[in-house]
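Working notes, beginning with the structure itself.
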Amino acid sequence: MTRRSVLFVATGGSRRRAVSIESAEVLAAGGRATVIVDHLGAWKSSALPDGVEIVETTALELRHWARAWEQLLVFAAPAFVVRVLGRGALMRPVTRLHRAYLRLFATRLHRGLFMPVYRALTRRVRARLISRAVLRGAAYDAVVVSDPRSVIDVAAIRRADPYAFGAAPLTFRLTDAEAAGAVGAGAAR
Amino acid sequence: MVTPWFPTNELPYRGAFVAAMVEAVAPRCDRVAVYHSDLWTAGMSPRGDRRAQRAMHALAPAAARTHRTAAGVPVTHAPYPIRPGLSFAELGARHDRALRAALGGAPIDAGIVHAHTGIYSGWSALRHMRPDARLFVTEHSTFVDQVLAEPQARVMYEEVLRRATRFFVVGEVPRSMIAAAFPQHADRIAVMPNAIRFDLPRPEPVRQLRRWLFVGHLIERKNVAALIAAFARCRARDDSLTLTIAGTGALYRSLVTQAKELGVADAVEWLGAVPPATALDLLRSHDLLVHPSRLETFGMTLVEAVAAGMPVLATRSGGPQETLAGIESAVGELVDVSAGVDGLVEGYWRLRGRWPDGLDLAEGARQLAERYGYPAVAEAHLRAWHGAPAPVAVS
């Protein structure tokens, strides 16, 4: 039996239990499971099994120039200023000011304005980042589309490049035989 | 079969009754196929919701896949996105779109279509049946009254009732709700029970009523807070009591806190959601099923418990007093919902006082098997589909 490689796209994280179970089944059958998540923090309550390769899209997005600049200007630069100025007698007031800045301005700007606008304007970028990081040079035996957010992402990737997933069949759920690698995914239909 | 509920890895207990019905009738049919329209909930804006629907229509033809159950029945899993807060009419429409996406525009290739629930699968099945097909519907929902309170959903429901060849309910609770809303169709609504397995032996008989078990959602309607309060009071008199809770739900955290506050946290085991097979194993390894629900249309777990050779302590929440009619005292204790925690506590000690000679679990199981066993329920379905007598098995 060949070692099967299955990609789980779970960027919405709304069906974590299913992804955990099915990726564990792939590993148990001697296969390789890669899971794309938005950010791993949301998965604390239903941890992915050991051995799963995890790719975080938030980390991928930070490589994009717009996110990188936002991080630099809104978060990193003020933090640097705080480190430089916040010494001696100034440490407490500067730290307090920085906390207030993060709470009242930076976080609100990031969540309320920047990210919605960024996501709306860079849908193709997101698809391209995922493609580059996960699909380029990799050959998967099946791609599991796990939740509504993932449906949007996978459709965008396919729209950008109809051959992005190669010959790997898409599915919403692995059959037992697919998880065990007993049959080709297409044969289970 | 067209159903909005069927066990999946994400929700392994949801639709266990549909899976049981399929398992019961499949050996008596030439061909059975299941279409499961599975609504995937995600917190999305209306715009994101529209995008997800468009994307699903693009992917579904390639990704909708057919699996086989342990009994070899093909199940086509047809997911579709939703966001919280949609109306019942919209949810019915989403089930319709899920089925459309999975079928790729083709009609369901069957002369008999049996749909579970009126507004969801009944409505969608009507739109995808062959012109010569006949529709049968079984309503299981506890929330029929909420569905019928929505004007558009009510119109949809009436259409399903009018066009269905036969319309079934699993108990008196949904029957009375539907009959009150549509008195013109009241005489067309019949009861069709859920199917229960009675052929799984218990390794060891129950000896003492110490290991309590609850199986179900951790939601308000299931009244689990009253169960934990009653358990704490009973455990104060007998510290050997334990409680196992199998299920998940919105109340999980508050219930864990309640158990801690009442000092019984170390006696309560939380298993989370378990698949139907595991639930049946749990019934065979515990002493007492406690079912404190405020409203049940059937109370399937109670019958499964008796089938597993264990007594039950349940509330008179609609379904239980129907399903256990005539054998209540033989299989356990029923208490009024309004009696609350006191009722459960008193019911437990009454039951313990009668145990074991005051009960007759074997006779209770025999009578329930005649009503809800796989052969009985399969026969009832075949009679409904084909008219009496039921055809001879062909597969």
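Can you quote the Å³ per residue value for the convex hull of the Cα atoms in region B:175-228, rounded to an integer?
161 Å³
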Kyte-Doolittle mean at least -1.0, axial Cα span of 30 Å or more - DSSP H helices of chain A: none
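Rounded to the nearest 0.05, what FRET efficiency do B:SER338 and B:ARG127 have when you use their Cβ-Cβ distance and R0 = 35 Å?
Here the calculated transfer efficiency is 0.25.
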Mean residue ellipticity (222 nm) of chain B, computed from DSSP H runs ≥ 4 via -39,500 (n - 2.57), nearest 500: -12500 deg cm²/dmol
Using a Förster distance of 25 Å, the FRET efficiency for B:SER240-B:SER329 (Cβ separation, nearest 0.05): 0.50
Positive dipole terminus of the protein assembly as shown, leading residue within A:ALA47, B:GLN146, A:TYR101 (C-beta point charges): A:TYR101
Computed FRET value (nearest 0.05) for A:ASP50 with B:THR41, which takes r as the C-beta separation and R₀ as 30 Å: 0.55
Percent RCO, i.e. relative contact order, over region B:211-371, from Cα pairs under 8 Å lying at least 6 residues apart: 22 percent
Amide hydrogen neighbours beyond the local backbone of B:ARG14, cut-off 5 Å, H modeled: B:THR8
Histogram of C-alpha separations across region B:211-371, 5 Å bin width, %: 2, 10, 20, 23, 23, 14, 6, 2, 0
Long-range amide H partners of B:PHE298 with built H, under 5 Å: B:GLY319
Unit charges on C-beta of K, R, D, E only; dipole of region B:145-261, Debye: 360 debye
Net charge dipole size for the protein assembly as shown [Lys, Arg +1 and Asp, Glu -1 on Cβ; Debye, nearest 20]: 3000 debye
Ratio of Rg to Rh over region B:91-193 (Cα coordinates, Kirkwood Rh, two decimals): 0.96
B:GLU363 paired with A:ARG99, simple spin-label distance in nm, labels 7 Å along Cα-to-beta-carbon: 7.2 nm
For region A:1-153, alpha-carbon Rg and Dmax in angstrom: 19.5, 68
Simple label model, 7 Å out from Cα along Cβ direction - B:ALA33 to A:ARG123, nm: 3.3 nm
Neighbouring partner chain Cβ atoms per residue of A:155-168, average, 10 Å criterion: 1
For chain A, with +1 on Lys and Arg beta carbons and -1 on Asp and Glu, the positive-most of A:SER20, A:LEU129, A:VAL6 along the dipole: A:LEU129
Reduced Cα scattering model of region A:65-121, Debye log10 I(q)/I(0), q = 0.21 Å⁻¹: -0.78
Helix-only CD estimate at 222 nm, as mean residue ellipticity for chain A, using -39500 (n - 2.57) per DSSP H run (n ≥ 4): -11500 deg cm²/dmol
Between region B:276-308 and region A:73-135, the alpha-carbon center distance in angstrom: 52 Å
Cα-centred dipole magnitude for region B:308-395, charges only on beta-carbon of K, R (+1) and D, E (-1), debye, nearest 20: 200 debye
Rotationally averaged projected area of region B:63-147 (alpha carbon convex hull; nm²): 6.5 nm²
Virtual spin-label span in nm between B:ARG163 and B:GLU220, 7 Å along Cα→Cβ: 3.4 nm
Region B:236-274 residues near the modelled B:ARG207 label - backbone nitrogen below 20 Å, point 7 Å along Cα→Cβ: B:238-244
Cα-based equivalent ellipsoid of the protein assembly as shown: semi-axis lengths in Å, sorted from largest, via gyration tensor: 45, 33, 23
Distance from region B:16-60 to region A:15-70 (C-alpha centre basis), Å: 25 Å
Expected-Rg normalisation [2.2 N^0.38 Å, Cα atoms] applied to chain B: 1.00
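Every number here is computed from the coordinates shown, using simple stated rules; none is lab data. Bear in mind the structure is a predicted one, so any value in this text is a computation, not a measurement. Note that each Cβ is placed from the backbone with ideal geometry, even for glycine, and that neighbours are counted across all protein chains shown.
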